[in-house]
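Where a number appears in this text, it was derived from the coordinates with a stated rule and is not lab data. Values in this document were obtained by computation on a predicted structure and should not be read as measured data. In this analysis, Cβ positions are derived from the backbone assuming ideal geometry, glycine residues included, and neighbour counts consider all displayed protein chains.
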Amino acid sequence: MGKFQDYLEVVEPLELPLNGKVYRIPEVSREDGIRFRMAVDEAEGFEPLTDEETFRIFLGSAYDEMIADKVSQAFIQRCLDTAMADHLSGRLVAEIMWTTGGDPKAVKQYVTDNAPNRAARRATNTAAATTTKSPKRGNGTSSRRS
């Protein structure tokens, strides 16, 4: 059995571009992840998060870069939505969020355009089915004699 690769070699960082600059979004820390979950669940003793706290939890130091670069609020919001999707649902959902902005019609179109068509799925399923041996059929009784 081989050695495990370094975590950062296996998991790609979330990098969101604007006008040739790439903002690298750090992963949410364990502490911030718990804090976010508890605030969302309205757990006892946890206050709701302010917008500023939410931006800092999900965008980290990239948020400060964005502010310093005077990027638009729309860009910052899209980065936040994408980072939240990445943290909560994974990279595929984050990519869909980044591409569509979360607009339901655009999400539906994105999924439709990027899903394999039915004929391709049937061909794949048929090919898989023909390579699998069928179990022997019978009436459930043994034909062997005792």
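Lys and Arg at +1, Asp and Glu at -1: add these up for the other residues within a Cβ distance under 12 Å of Pro13 and post the number. That sum, taken over residues with Cβ under 12 Å, equals -3.
What's the long-distance tail for the stretch 15-119, i.e. % of Cα pairs beyond 18 Å? Before the final figure, lay out the partial values.
Working: 2929 of 5460 pairs.
Looking at the stretch 15-119, the distances longer than 18 Å represent 54 percent of pairs.
Three principal axis extents of the stretch 2-64 based on alpha-carbon atoms, in descending order, are 43, 40, 14 Å. When Thr82, Thr99 are sorted by how many other C-beta atoms sit within 10 angstrom of their C-beta, beginning with the fewest, the order is Thr99, Thr82.
Sum up the charges of everything whose Cβ sits under 13 Å from the Cβ of Gly90, counting Lys and Arg as +1 and Asp and Glu as -1, but leave Gly90 out. Present the calculation step by step, with values, prior to reporting the outcome.
On the way: positive: Arg91; negative: Glu12, Glu27, Asp86, Glu95.
Within the 13 Å Cβ shell, the charges total -3.
Using the number of other C-beta atoms within 10 angstrom as an exposure proxy, rank Leu49, Leu59 with the fewest first.
Numbers: Leu49 17, Leu59 25.
By the 10 Å Cβ count, ascending: Leu49, Leu59.
As a proxy for reagent exposure, ranking Ile96, Ile57 by other Cβ atoms within 10 Å from fewest up yields Ile96, Ile57.
Cross-link reach is defined here as a Cα-Cα straight distance under 17 Å, omitting same-chain residues fewer than 8 places apart; for Lys21 the aspartates and glutamates meeting it are Asp64, Glu65, Asp69.
Near Pro26, within a Cβ-to-Cβ distance under 12 Å, what is the net charge of the other residues, with Lys and Arg +1 and Asp and Glu -1? Intermediate values should be presented prior to the final figure.
Working: positive: Arg24, Arg56; negative: Glu15, Glu27, Asp32, Asp64, Glu65, Asp86.
Neighbourhood net charge equals -4.
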